[in-house]
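Okay, structure first, notes after.
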Amino acid sequence: ASYGTAFKAPTFNELYFPGYGNPDLGPETSRSVEVGVRGEHGRGPGRAITWSLNAFDTKIDDMIAFDSTLGDSGGPNNIDRARIQGVEAVVGAQLAGWDLHTSLTWLDPRNDGDNANHDKVLPRRARQSGRVDADRRFGDFSIGASVTGAGERYDNLANTTRMGGYGLVGLRAGYAFTDAWSVQASADNVSDKRYETAALYNQPGRTWLLTLRYQPVVH
């Protein structure tokens, strides 16, 4: 279990960027409580399973969030009170030679202020999200895949601009020339999914990446 407090000052762009900044922004402060449990079962190759389950509750004063009603295209503003509650589950396992890792998050991000948007969902936050990774080695070769997903979200404080959820697939393969040198090819968003996490800002489509890595071996 843990308890913490935080302070966040507005960025320079949030204050002064032309056509977007809000010089009247104040800093936000928060208080968080988290309770969790974790475990490990089985030992040795192919038998280890680890898991954790955490619940958290964060109360925020003067939260900095996007407000579509400011100016011509919206900008940052302070929400007098907000509350984010959630649960995160993580499971890792070794199964039939595969390293598997899964994480799932459920959020309830709410506007807790005394205003017209009381109890609305905070903007640009998905209430459900998750990721699954699977990787395996074959000698000097390695392969892997990732699946990520997120539920719907809203772009504005009034929850009138809705953005749909999405799911993405990533693939990767690598080869180790030596203990220090390796190369990896990866593809993200393989299906070239079009999606947004902020209205009118498209995310990258299908992306390819070739990486050559040198990591010296320390004996």
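Sort out which residues of segment 87-113 are touching a Ser or Thr at 6+ places or on another chain (Cβ under 8 Å) and of a type in the set (Asp, Glu), and write them in order of number.
88
Can you pull out the residues in segment 131-174 that are part of a loop (DSSP other than H, G, I, E, B), over 20 Å from the mean Cα position of the chain (by Cα) and of a type in the set (S, T, N, Q)?
159, 160, 161
What is the residue count in segment 198-212 for residues that are modelled with pLDDT of 95 or more and in a strand (DSSP E or B)?
Qualifying residue count for the region: 6.
Which of (1) closer than 30 Å to residue 119 by Cβ; (2) open to solvent by less than 80 Å² (accessible area, probe 1.4 Å) is the odd one out, the single condition residue 216 does not satisfy?
(1)
Based on this model, can you work out whether residue 23 counts as touching a Phe, Trp or Tyr at 6+ places or on another chain (Cβ under 9 Å), closer than 24 Å to residue 81 by Cα and exposed (fewer than 10 other Cβ atoms within 10 Å of the Cβ)? If you could, list the steps in order and put the result at the bottom.
Working: touching a Phe, Trp or Tyr at 6+ places or on another chain (Cβ under 9 Å): yes; closer than 24 Å to residue 81 by Cα: yes; exposed (fewer than 10 other Cβ atoms within 10 Å of the Cβ): yes.
The answer is yes for residue 23.
Exactly one of these conditions fails for residue 48: (1) in contact (Cβ under 8 Å) with a residue 24 or more places away in the chain; (2) open to solvent by 80 Å² or more (accessible area, probe 1.4 Å). Give me its number.
Checking residue 48 against (1) in contact (Cβ under 8 Å) with a residue 24 or more places away in the chain; (2) open to solvent by 80 Å² or more (accessible area, probe 1.4 Å), the one that fails is (2).
I'd like the full set of residues that are touching a residue at least 40 places away in the same chain (Cβ under 8 Å), under 13 Å from residue 136 (Cβ atoms) and either among the polar types (S, T, N, Q) or open to solvent by less than 70 Å² (accessible area, probe 1.4 Å) (or both), limited to segment 88-111.
Those that are touching a residue at least 40 places away in the same chain (Cβ under 8 Å), under 13 Å from residue 136 (Cβ atoms) and either among the polar types (S, T, N, Q) or open to solvent by less than 70 Å² (accessible area, probe 1.4 Å) (or both): 93, 94, 97.
The values are calculated or read from the model by the stated rules, or taken from the named source; none is laboratory data. The shown structure was predicted, so the numbers you read here are calculated from the model rather than taken from an experiment. No Cβ is skipped: glycine too gets one built from the backbone with ideal geometry, and neighbour counts run over all protein chains shown. What goes into the accessible areas is simple: the full protein's heavy atoms, side chains included, and nothing from ligands, DNA or RNA. Shrake-Rupley method; radii C 1.70, N 1.55, O 1.52, S 1.80 Å.
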